[in-house]
Amino acid sequence: MNADELKKLTTSSLEQLRAALDQGHSEGLTALLKTMGRFHRYSVNNICLIAAQRPMATRVAGFHAWRTLGRFVRKGEKGIAIMAPITARRQDTAGDDDSRTVVGFRAAYVFDIEQTDGATLPEPAQAIGDPGTQTACLTTAIGANGILVEHVDYPGGAPGTSSGGRT
């Protein structure tokens, strides 16, 4: 897939979303927002490309990135095409090695974790238990920096609380 085809796919996906929203259907937007939550480091265009090609993707990375994580893309798996920037040195600052600019885009391929085998990936840490007396200290410290702290009761309790509600 080349850059023009990827641009057409992105434009088409966004047009379908707009048409669905105009008709009062928000399922497409809900799906896009869920996808954006899973891929917060990707641009909106790349998120649309990932969702259009593999809607159930959860964790994506390039072929070599999976190898560094001890995982291997299965033979025959089809990559998910995304847009990757092409960078070049700026002409006006030839002596500065870090001075680069985006000059275009190319198709690059990533793979979902379901397309790989290998080492188990570590799970992100989760806060568990009751924060007890530390909540007041944290609230005071945060408030001292001018940040408003609000307590909200969540139906069924929030993750990390043992009381099932506000602490």
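The values are calculated or read from the model by the stated rules, or taken from the named source; none is laboratory data. None of these values were measured; they are calculated from a predicted model. Methodologically, a virtual Cβ is constructed for each residue, glycine included, from the backbone with ideal geometry; neighbour enumeration extends over all protein chains shown. Quick note on the areas: whole protein, heavy atoms, side chains included, nothing else; ligands and nucleic acids left out. Shrake-Rupley method; radii C 1.70, N 1.55, O 1.52, S 1.80 Å.
A few notes on this one:
To keep it simple, each residue is scored yes or no on (1) of a type in the set (Phe, Trp, Tyr); (2) open to solvent by 80 Å² or more (accessible area, probe 1.4 Å); (3) within 20 Å of Ile113 (Cβ to Cβ); (4) at pLDDT 75 or above.
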residue: Asp4; (1), (2), (3), (4): no, yes, no, yes
residue: Leu21; (1), (2), (3), (4): no, no, no, yes
residue: Ser26; (1), (2), (3), (4): no, no, no, yes
residue: Leu32; (1), (2), (3), (4): no, no, no, no
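- Tally of residues being in a helix (DSSP H, G or I) and touching a residue at least 24 places away in the same chain (Cβ under 8 Å) across region 38-54: 8
- Filtering region 62-79 to residues that are among the aliphatic types (A, V, I, L, M) and either at pLDDT 90 or above or exposed (fewer than 13 other Cβ atoms within 10 Å of the Cβ) (or both) leaves Ala65, Val73.
- Selection status of Ala57, part of a helix (DSSP H, G or I), open to solvent by less than 50 Å² (accessible area, probe 1.4 Å), farther than 20 Å from Glu5 by Cα and not aromatic (Phe, Trp, Tyr): no
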